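Asker: Here you go, one structure.
The values are calculated or read from the model by the stated rules, or taken from the named source; none is laboratory data. For clarity, every value in this text was computed on a predicted model and none was experimentally measured. Note that we place each Cβ from the backbone using ideal geometry, even for glycine, and neighbour counts take in every protein chain shown. Side chains included, ligands, DNA and RNA excluded: accessible areas come from the protein's heavy atoms. Shrake-Rupley method; radii C 1.70, N 1.55, O 1.52, S 1.80 Å.
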2 protein chains.
Amino acid sequence: MASGTGKDSGKNPAGPEGIPEPAVRRLSLYLRELENFRANNRKTVSSRELGDALGLTDAQVRKDFGYFGQFGQPGIGYQVEELVGQLRRILGTDRVWNVAVIGQGNLGRALTAYRGFLRKGFQIVAVFDDDPDKVGQVIPSLESIRVQHIRELKKTAADKWIRLAILAVPAEYAQPVAEQCVAAGIQGILNFAPVSLTAPAEVAVTSVDLAVQLEQLAFRVLGSPPRF
Amino acid sequence: MASGTGKDSGKNPAGPEGIPEPAVRRLSLYLRELENFRANNRKTVSSRELGDALGLTDAQVRKDFGYFGQFGQPGIGYQVEELVGQLRRILGTDRVWNVAVIGQGNLGRALTAYRGFLRKGFQIVAVFDDDPDKVGQVIPSLESIRVQHIRELKKTAADKWIRLAILAVPAEYAQPVAEQCVAAGIQGILNFAPVSLTAPAEVAVTSVDLAVQLEQLAFRVLGSPPRF
């Protein structure tokens, strides 16, 4: 469900420098696997091993890396530590990104508490809602952060250098809230509401519709008879 | 992050009948937009209107539908109600699917409570964890369901005709739990753990790595200077 800027159509446009979006997407998966290899104290890894871990051919791995530069050495493979650093620099996760979560329903609270974001360098520094019962509450997982009213978004985004927002609001609020994000100078929106958002071309929007993911899975299962 | 059966590699393989996966993915988005048109009492809709709602050309819309049959009529467009029914039949959401959620951490609880699933015909009928503090607890959003121990998965999956599982377990448990799903006859796994799962070809696996989604968004934002 990743998508280009503006309308998020589910198409696969080219990435920032004309690189196919599937190759960029796989870069994140290579990085994740490399971090696993590193956790297992591996110093070097071959394109075949990396491919095997992801169900890809070694040729695909080399082709994908070829879009971004020259990394490995024939016969030796890739230096794990070095390649982790290079991929992080390419993907932008060699720094900390300040992130806002908007919406503190079940999903918004779960996303706020999700530890996987911080491991990648995404730090949730502000949380918003418009429900008076929620505004002012302390976030259990984040010391010293309280839920703020959405009307404070613009000021807080400027004060805290927030560049990315995670939207977990009901469908009917998603477009107006996205517009508030745009007005607040936010550059990227990860949208969990089941709607297609419209945003200016300079604001990146990615939508993850959880029910659509399940629907797509069902479609793939559909043709198969029950297994037992 | 949707993917083929077996290893979920982030590639875009052809769908069940050789239909490109992006076209299948867009089918879900067309359906979502058509349901919006229907909610607004629209009887017919053109490929252009449907495309506009998603940032696609009308030619793309017609091409995508062309993979699945002949739907609209030139000059009249598509009958909204009829097309909703046809797309649901194609996608398999014209019936109820029984689903298990495995893992009752923050994300698992949020997914269990997510109302968007039921609207698409996905009914969560069982919830599992292996934490003795959680097993036996009542699920607030689902009357009469209690968290069961994961060891009851196989029996419950058979008793309740569970075909799909949502995995929201820590990364290190994802592969063994996926294997328990396979052993329990489950046909499709929607995996939220940040790992690539291995499963037999007859079991469909889709992975949604939330941190990877944010990383991909950051990559698209990376080249842009701060907006304010």
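Asker: For B:Arg115, which inter-copy label distances result when the label point lies 7 Å beyond Cα on the Cα-to-Cβ vector, reported in nm to one decimal and in ascending order?
Answerer: With the label placed 7 Å along Cα→Cβ, B:Arg115 yields 3.2 nm.
Asker: Compute log10 of I(q)/I(0) for region B:21-91 with the Debye formula, placing one identical point scatterer on every Cα and leaving out solvent, at q = 0.19, 0.21 Å⁻¹, to two decimals.
Answerer: Ignoring solvent entirely, the Cα scatterers give -0.66, -0.83.
Asker: Over the Cα atoms of region B:156-206, what radius of gyration and what Dmax do you get, in Å?
Answerer: 10.1, 30
Asker: Further question: How far is it, in nm, from the label point at A:Gln123 to the one at A:Thr198 when both lie 7 Å from their Cα along the line to the Cβ?
Answerer: With each label point 7 Å from Cα toward Cβ, the separation is 3.7 nm.
Asker: How high is the relative contact order of chain B, in percent, with contacts defined as C-alpha pairs under 8 Å that are six or more residues apart?
Answerer: With pairs under 8 Å counted, the relative contact order is 20 percent.
Asker: Give me the 1.4 Å probe accessible area per residue for chain B, excluding ligands and nucleic acids, in Å². Numbers along the way, then the final one.
Answerer: On the way: 9780 Å² over 228 residues.
Result: 43 Å² per residue.
Asker: Relative to the other copies, what are the label-point distances for A:Asn98, with labels 7 Å from Cα along the C-beta vector, expressed in nm at one decimal and sorted shortest first?
Answerer: 5.0
Asker: Here's a follow-up. Be a star and scan region B:186-212 for residues whose amide nitrogen sits under 17 Å from the point 7 Å along the Cα-to-Cβ vector of A:Phe71.
Answerer: Output list for this probe position: B:196, B:212.
Asker: Let me ask something additional. Find the chain B residue whose Cβ sits closest to the rotation axis that carries B onto A, and give that distance in whole Å.
Answerer: Spelled out as residue then distance in Å, it is B:Ala110, 2.
Asker: Something else: Excluding ligands, DNA and RNA, what is the accessible area buried between chains A and B, summed over both sides, using a 1.4 Å probe, to the nearest 100 Å²?
Answerer: 7700 Å²
Asker: Pop out the carbon and sulfur fraction of the accessible area of chain B as a percent, whole number, probe 1.4 Å.
Answerer: 51 percent
Asker: Give the average, rounded to an integer, of partner chain Cβ atoms located within 10 angstrom of each Cβ in A:104-117.
Answerer: 5
Asker: A follow-up question, please. In the Gaussian network model of chain B, springs joining C-alpha atoms below 10 Å, which of B:Ala201, B:Ala157, B:Ala193 carries the largest mean-square fluctuation?
Answerer: Answer for the Gaussian network model of chain B: B:Ala201.
Asker: Ordered shortest first, which distances in nm separate the 7 Å Cα→C-beta label point of B:Gly66 from those of the other copies?
Answerer: 3.0
Asker: With Kirkwood's inverse mean 1/r over C-alpha pairs for Rh, give me the Rg to Rh ratio of the protein assembly as shown, two decimals please. Present the calculation step by step, with values, prior to reporting the outcome.
Answerer: Numbers: Rg = 21.6 Å, Rh = 22.7 Å.
With Rg and the Kirkwood Rh in hand, the quotient comes to 0.95.
Asker: Where in region A:59-75 does the amide nitrogen come within less than 12 Å of the point 7 Å from the Cα of A:Thr44, taken along Cα to Cβ?
Answerer: Flagged as within label range: A:72-75.
Asker: Is the C-alpha gyration tensor of region A:15-59 telling us rounded, prolate or oblate? Criteria: a/c under 1.5 is rounded; beyond that, a/b larger than b/c is prolate, otherwise oblate.
Answerer: Prolate.
Asker: Taking the convex hull of the Cα atoms, report for region A:97-214 its projected area averaged over all directions, in nm².
Answerer: 7.1 nm²
Asker: Could you work out which residue, out of A:Val205, A:Val99, A:Val135, moves most in a Gaussian network model of chain A, that is, has the largest mean-square fluctuation with Cα springs under 10 Å?
Answerer: Evaluated over chain A, the most mobile residue of the options is A:Val135.
Asker: Can you list, bin by bin at 10 Å, the percent of alpha carbon pairs in chain B, starting at 0?
Answerer: Pairs per bin, as whole percents: 7, 27, 30, 23, 11, 1, 0.
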